[in-house]
Structures are given as structure tokens and as C-alpha cells.
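See below for the structure under consideration.
The values are calculated or read from the model by the stated rules, or taken from the named source; none is laboratory data. In this text the structure is predicted, and so the values were computed from the model without any measurement. Here the Cβ positions follow ideal geometry from the backbone for every residue, glycine too, while neighbour counts run over all protein chains shown.
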Amino acid sequence: MWAKTFDQRLNEWYSLRTEVSSIGLESSLLTINAWWHTAPWTAYYMHWDDCESWPDPWQLLDDNVFCDVARGLGILYTITMLDREDVQNASLVHTDDGYNLVLIPDTDYILNWDKDSVFNSNLNLKIQRRLTQSQIKQKYL
């Protein structure tokens, strides 16, 4: 269940990052993906046209409103803050089909697609827009 207060969400997010920092990659990604899928969802909150004004990780948790873009951004923030060698160059992408996914290069891992899965090698994605871990680090961390 998603925490009701900002302090609780912040503590749970810290616990999530601590938990997944030392487990295997697939388990880590499954746990991160599942955690963000428990966030309260709304149809529209953020749009790619406004990416320059997207919230930082702490503001995102404080706002507590999550569309597919916001959830994907939260996933990318989490992965970026882990600073794991096996999860570098991840990116949040917007596809021609309207999906907002987190891709892990050189793997078949795709997050923010399905709550219970992070693996799908059958998708033929045409990417319209991309936000990378490097961009996240430069702007927020």
C-alpha cells in the first residue's frame, strides 16, 4: 500500500533503494518496478513538452500524483540514485505508440510496462523522446 504522508513515502523510498542496492539485477528491477506500480495513478499529470519543469525526485514524491510519465520518472530516479554498475545508461522513453517506458540498454529489461514483469524482448519500439540517467544526474543529483 502506498504511504499516505510525504515523510512515510520518503522513508519507504529510502528503504526500497537500500533493499535493492545489494540484490541481483533482475530482482532489483522487479522490486523497483512493482513498488512504483503501487503509486496512486492518474491519467494525466506530466507531459513530455514540459520536461524542463518536471519535479525533482523529492518533489515528485511530495506531489503524490502519478501518471505513466511520472511513474517512469520515479523509476528512473530510483535506478539513477542506486548508482549500480550493472544499471548504467538507463533512460525514460516515450514511444510512437504512446508508452512511457524505462529501458536498460544492453539487456531486455523494460520497466513501467507491466507491474509484474521487467522483461520483454519482443517489443519493436520507435522512440520519440528520451531522458537519460546522465541528464538526470546533471540536473538533479
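Structure summary
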{"quantity": "Residue that is surrounded by 21 or more Cβ atoms within 10 Å (Cβ to Cβ) and not basic (Lys, Arg), where the choices are Phe66, Phe119", "calculated": "Phe66"}
{"quantity": "Restricting the range 81-102 to residues that are of a type in the set (Val, Ile, Thr) and at pLDDT 95 or above, the residue that is nearest to Asn112 (Cα to Cα)", "calculated": "Val102"}
{"quantity": "The listed residue being surrounded by fewer than 16 Cβ atoms within 10 Å (Cβ to Cβ) and either at negative phi or not β-branched (Val, Ile, Thr) (or both), out of Leu30, Leu10", "calculated": "Leu10"}
{"quantity": "Of all residues in the range 30-80 being among the small types (Gly, Ala, Ser) and out of contact with any strand residue (DSSP E or B) (no Cβ under 6 Å at 6 or more places or on another chain), the one that is farthest from Ser117 (Cα to Cα)", "calculated": "Ser53"}
{"quantity": "Set Leu76, Leu16, Leu60: member being surrounded by 15 or more Cβ atoms within 10 Å (Cβ to Cβ), of a type outside the set (Asp, Glu), under 21 Å from Leu103 (Cα atoms) and touching a Phe, Trp or Tyr at 6+ places or on another chain (Cβ under 6 Å)", "calculated": "Leu16"}
